[in-house]
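Reading through the structure tokens given below for one structure.
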Amino acid sequence: MSWINETGPDRDVVMSSRVRIARNIADIPFPSIMQPQHAVQVAEKVRSCLPDLKSGSRFDFMYMRDVPAIERQILVEKHLASQDLMKRYEQSALIMDSREKITVMINEEDHIRMHCILPGFQLNPAWEQMNKVDDIIEQKVEYAYHEQLGYLTCCPTNVGTGMRASVMMHLPALTINKQMNLILQTISKIGLTARGIYGEGSEALGNIYQISNQITLGPSEEDIISNMIIACRQIMEKERIARKAVRKTGGIQFDDAVWRAFGILRNARVLELKEFMAYISQMRMGVSLGLIPGFSLEDVDGLMTAGQPAGVMRKTGRIMEGTELDAARADVIRKAIEELEKSKEKNI
Amino acid sequence: MLCQECKEREATVHVTKIINNRKTEMHLCEYCARQRDDFIQIPSFSVNDLIAGLMDFSHSQPAPEKAALAKCAACGMEYSQFKKMGRLGCQKCYEYFGRELGPVLRRIQGSSQHAGKVPRQAGSHLLRKKQLARWKTELKRAVELEAYERAAELRDKIKALEQALDSEGGGKR
């Protein structure tokens, strides 16, 4: 089971917590200029660590060229791998644990990029797990390391710790109250940054933001994590207050908007992605405030993933675009909601 | 004008294609245009451009043409190539382009001294050097805060560690 269907602390605001670390193997050219034989060398070296990783849970190794295109896209939309890894599918590989929490991307921008993704607000546990995996790989692999600059990465923006900690937050009430610009400015002062994860440019589809550290050289891993925790806690509290305020001032109008969003998701025959994300966001906020009984935040997040382009295409098994895709999305969502309702009825 | 694809939204993206002297025109709305990844190539503001810009900036005085000729002897990456890609070719690039990269790192990262994890393989020597750097910063802070007792304590520790490291280094050489 992946992080999507699991409960986690502070799930009302924080969807998931993620820690990524970038490493390169000593004396092999970076993926930016590496030859195919280097890529194999890197992949096989990391693969040799697999038995040691397996002590805790099951890990699988796969070359991306052996994975079908739709499956590759699903991995991206589940945040288990990056678009960049798929662009280099001829030379890239992936190690993934059966719980879909830890992945090690091989030959992405750097030789090794490991991620740990956990549901809700769990930055510290994510870092601890990552640190363990790093220790295991380090026993067999010598990293490119510089006394002054730390872990050497292909792009100088990652050098040092090579760590990027990020938290995916649902911030509808702060967005409605136009607080996001201010928050962005404030967190940038302590070396953090926020961006929308769905959608392009400044618009954040579904009011979902990713807060992450920008600086990787200077502060230690623990310092970065604790900065992130402090900042995210504050944002979280503000969002909760704002949600209650929005509901109080909106009154029946607020409840109506939530139920209408649910009604549309439940009945629509065509759903454009942008529209879908707006309604899902509204529904999620409602569920977090106890509206729409029978639906959990995990259910809503599951719907959100199911409605992303690759999620829809996997369900239907076809590559689609335009209205065809939007109609298929509406079908997928409608059926998913029906199924959720049925399973709830059985439980009652 | 309405989008020729969906015929619903206003066309805001206009594309003229000339292939083998055959000209085709397309008028699409943003949504439909985004669905077609065959021609939309809007160059986005990337971190590469930013790094390139910063490097140019930090080199406004010392002969830029010399920097442009710099090359990593290990992997053959040229400075001009790095500037274009924003990606280095190998770990040695950090040494060969050290002079150019230093100011950039300080500007992007605000620091050029790693204080985080150290790979165990790199040995305890490195770990102790790290400790030394940490104590030194702490000493500076202690002096600023006029915590002289702590400062004296740190000074002694630093001295002892420095001597130990020196004798080890001397023995190796």
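Is it the case that A:Ala268 is touching a Lys or Arg at 6+ places or on another chain (Cβ under 9 Å), more than 14 Å from chain B (Cβ to nearest Cβ) and either more than 22 Å from A:Asp12 (Cβ to Cβ) or crowded, with 18+ Cβ neighbours inside 10 Å (or both)? When the stated conditions are applied, A:Ala268 passes them.
How about the stretch B:71-98: which of its residues are within 18 Å of A:Tyr145 (Cα to Cα), open to solvent by 60 Å² or more (accessible area, probe 1.4 Å) and assigned to a helix (DSSP H, G or I)?
B:Glu95, B:Tyr96 - these are the residues of the stretch B:71-98 that are within 18 Å of A:Tyr145 (Cα to Cα), open to solvent by 60 Å² or more (accessible area, probe 1.4 Å) and assigned to a helix (DSSP H, G or I).
Scanning the stretch A:225-242 for residues that are open to solvent by less than 20 Å² (accessible area, probe 1.4 Å) and either touching an Asp or Glu at 6+ places or on another chain (Cβ under 8 Å) or of a type in the set (Asp, Glu) (or both) yields A:Met236, A:Glu239. Taking the conditions exactly as written (away from chain B (no Cβ under 14 Å), over 23 Å from the mean Cα position of the chain (by Cα), outside any loop (DSSP other than H, G, I, E, B) and surrounded by fewer than 17 Cβ atoms within 10 Å (Cβ to Cβ)), does A:Gln41 satisfy them or not? No: the conditions fail for A:Gln41. Within the stretch A:86-105, the set of residues being closer than 25 Å to A:Leu303 by Cα and either of a type outside the set (Ser, Thr, Tyr) or open to solvent by 10 Å² or more (accessible area, probe 1.4 Å) (or both) comprises A:Met86, A:Met96, A:Asp97, A:Ser98, A:Arg99, A:Glu100, A:Lys101, A:Ile102. Within the stretch A:2-29, the set of residues being at pLDDT 95 or above, assigned to a loop (DSSP other than H, G, I, E, B) and within 21 Å of A:Ala81 (Cβ to Cβ) comprises A:Asn24 only.
Residues of the stretch B:74-118 that are facing chain A (nearest Cβ under 7 Å) and under 16 Å from A:Ile28 (Cβ atoms): B:Cys75, B:Met77, B:Arg87, B:Leu88, B:Gly89, B:Cys90, B:Gln91, B:Tyr94. In this structure, is A:Met236 under 22 Å from B:Pro119 (Cα atoms) and either of a type outside the set (Val, Ile, Thr) or without any contact (Cβ under 8 Å) to a residue 24 or more places away in the chain (or both)? No: the conditions fail for A:Met236.
Within the stretch A:133-158, the set of residues being at the interface with another protein chain (Cβ under 7 Å from one of its Cβ atoms), free of Cβ contacts under 8 Å to residues at least 60 places away in the same chain and either acidic (Asp, Glu) or surrounded by 24 or more Cβ atoms within 10 Å (Cβ to Cβ) (or both) comprises A:Glu138, A:Glu147, A:Pro156.
Scan the stretch A:53-60 and give yes if some residue there is open to solvent by 20 Å² or more (accessible area, probe 1.4 Å) and either of a type in the set (A, V, I, L, M) or at pLDDT 95 or above (or both), otherwise no. Checked the stretch A:53-60: no residue is open to solvent by 20 Å² or more (accessible area, probe 1.4 Å) and either of a type in the set (A, V, I, L, M) or at pLDDT 95 or above (or both).
For the stretch A:119-131, the count of residues that are under 24 Å from B:Met85 (Cβ atoms) and in contact (Cβ under 8 Å) with a residue 24 or more places away in the chain is zero.
Might you let me know whether the stretch A:148-156 holds any residue that is in contact with a strand residue (DSSP E or B) (Cβ under 9 Å, 6 or more places away or on another chain) and over 29 Å from B:Arg107 (Cβ atoms)? Within the stretch A:148-156, not a single residue is in contact with a strand residue (DSSP E or B) (Cβ under 9 Å, 6 or more places away or on another chain) and over 29 Å from B:Arg107 (Cβ atoms). Quick check on A:Thr161: is it at the interface with chain B (Cβ under 10 Å from one of its Cβ atoms) and crowded, with 20+ Cβ neighbours inside 10 Å? When the stated conditions are applied, A:Thr161 passes them.
Within the stretch A:6-38, which residues are open to solvent by less than 20 Å² (accessible area, probe 1.4 Å) and of a type in the set (Ser, Thr, Tyr)? Result: A:Ser16, A:Ser17.
Condition check ((1) modelled with pLDDT under 60; (2) loosely packed, with under 11 Cβ neighbours inside 10 Å) across all residues:
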site: B:His27; (1), (2): no, no
site: B:Ser58; (1), (2): yes, no
site: B:Gln61; (1), (2): yes, yes
site: B:Ala68; (1), (2): yes, no
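The values are calculated or read from the model by the stated rules, or taken from the named source; none is laboratory data. The shown structure was predicted, so the numbers you read here are calculated from the model rather than taken from an experiment. For neighbour counting, all protein chains shown are included, and Cβ atoms are generated from backbone atoms with ideal geometry for every residue, glycine included. When the accessible area is computed, the model is the full protein with side chains, heavy atoms only, and any ligands, DNA or RNA have been set aside. Shrake-Rupley method; radii C 1.70, N 1.55, O 1.52, S 1.80 Å.
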